Amino acid sequence: MFRLQGSKVLAVDMTGDAVKAKNGSMVAYDGQMTFKKLSGGGEGIRGMVTRRLTGEQMTVMEVTGQGTCWFADRASEINLVRLQGETLYVESSNLLATESGLRTGTSFTGLRGATQGNGLFTTTVEGHGQAAIMSDGPAVVLRVSPQYPLTVDPGAYIAHQGAVRQSFQSGVTFRTFLGEGGGEAFQIRFEGDGLVYVQPSERNTIAGDV
């Protein structure tokens, strides 16, 4: 159902089913399609409460029909992630589209979300199907294993999946090691067994100005 045309355009071939995508990301379509605007923050009552708590302005559209839709957003690189019952944790600004077999929700992430100004929650995607996530530049997929925990700059983090535990190291910055000031006030540490997606450029963070 999902396929890439180049690295920056997602093509979705539809046969009467539905796909959810970031509002405003559709660049073209053929065939017969209907469009419905949805609220971000997850499904059901919990999603409503989460949106009220976080003030998230992310909006999602649901596309249904027969034909092909093409999606893109600010020439971002697109990566396809196939889920088989597990959960993908992804920054809401980096989620482009999900297949109909996937459910979206929210998860409390604590300090990282507050420091980046993205609220205290991150988006979860779970079920069976493909999700399209975006990155500023080609994403790098890094493996976390029990023997090799991973530390990531918060501005470069996109998503993670697997049996991974997340913690925060405050007062430790990559820039401090290099003798430069003004770096992020903390790093994200991942332990366990799974995958972490990072981008080669950093989004602006509040902590980066401290």
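The values are calculated or read from the model by the stated rules, or taken from the named source; none is laboratory data. Keep in mind that this is a model prediction, so the values were computed, not measured. We place every Cβ from the backbone using ideal geometry, glycine too, and count neighbours over all the protein chains shown. Surface accessibility is based on the protein's heavy atoms, side chains included, excluding ligands, DNA and RNA. Shrake-Rupley method; radii C 1.70, N 1.55, O 1.52, S 1.80 Å.
Annotation: amide H-H contacts under 5 Å for Ser100 (H modelled 1.01 Å from N, sequence separation of 5 or more, or interchain): Ala18. With labels modelled as points extended 7 Å from the Cα through the Cβ direction, what inter-label distance (nm, one decimal) is found for Ser201 paired with Leu38? Computed distance between label sites Ser201 and Leu38 equals 2.9 nm. Note on surface exposure: His128, His160 rank His128, His160 by accessible area, highest first, 1.4 Å probe. In the context of the full protein assembly, Ser100 retains an accessible surface of approximately 80 Å², using a probe radius of 1.4 Å and ignoring ligands and nucleic acids. Under 17 Å from the 7 Å Cα→Cβ point of Val141, by amide nitrogen: which residues of the range 60-94? Backbone N within reach: 77-91. Accessible area ranking (1.4 Å probe, heavy atoms, ligands and nucleic acids excluded), largest first, for Glu86, Glu77: Glu86, Glu77.
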